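Below: one structure, written as structure tokens.
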Amino acid sequence: MKNIEEVRNDIIAAAEKHFSLLGFEKTTLDDITGENGRTKTSIYYHFKNKHEIFKSVIEKEFESVRDRLQKVLEHSSDNHIESMKEYLRTRLESIKEQGAYRRFASSRFAMGDNPVSKVVNEARSTFDDWERMTLSASISNGIAAGVIPDSISPDVFSRTLINILKALEVQLFNSSDKSEVEQTYIGMIDLIIR
């Protein structure tokens, strides 16, 4: 018999599959229950509603992104500029792999103030805070090493870069020419991070 955490994780895994394929709007609780043989009662034991399930899926996806980026940081070189570029390239690849987030970012919910975008913003807030602190620390280290001018504020730089990256995520998932957006992203990394 599965414990409570295993059941919850099974529900999240089933939901992630459907949110990735169908998006938030078209995924139903019946889709999720049908995937793993659970009842709606079982789902409601663990989650209040579909929004809460979606939040858990997005949190899981951004934990995966953070874990991958953490590995890049652990293996980064002393070359602060190249390490930052590798971080940003890996970030792009990792974000592209997150199916539920990808579907959200290409949906009508990605723009504007609505309950689904609020859920996503809440779900990724832990990642965003981690990334802001990580980038800020990296910039501070670059300043200390003399490779980044000390006139740059690590906090302002990290917040600005994160806003640019978020805008590029939406652009990437909504563009008819994803290759062009990816090339622009890589070019912007090289332009911004010298």
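Taken together, the values in this text are just the output of simple stated rules run on the coordinates, not laboratory data. In this text, all values refer to a predicted model and were calculated from it rather than measured experimentally. Methodologically, a virtual Cβ is constructed for each residue, glycine included, from the backbone with ideal geometry; neighbour enumeration extends over all protein chains shown.
At-a-glance table
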item: Long pairs among LYS60/LYS85; LYS96/LYS178; LYS17/LYS85; LYS50/LYS178; LYS17/LYS40; LYS17/LYS50, criterion Cα-Cα beyond 21 Å; result: LYS60/LYS85; LYS17/LYS85; LYS50/LYS178
item: Relative contact order of the chain, defined on C-alpha pairs under 8 angstrom at six or more residues apart (%); result: 23
item: Tensor-based shape of the range 53-165 (alpha-carbon gyration tensor, a/c under 1.5 rounded, otherwise prolate or oblate); result: prolate
item: Correct choice for Rg and Dmax of the Cα atoms in Å that was computed from the model, options [x] 18.6, 59; [y] 20.9, 73; [z] 19.3, 64; result: [x]
item: Euclidean distance of C-alpha centroids, the range 111-146 and the range 27-69, integer Å; result: 23
item: Choice from LYS50, LYS71, LYS17 showing the highest fluctuation, given a GNM over the chain with Cα pairs closer than 10 Å; result: LYS71
item: Tensor-based shape of the range 111-194 (alpha-carbon gyration tensor, a/c under 1.5 rounded, otherwise prolate or oblate); result: oblate
item: Those chymotrypsin sites (Phe, Trp or Tyr not before Pro) in the range 1-68 that DSSP places in a loop and that have at most 16 other beta carbons within 10 Å; result: none
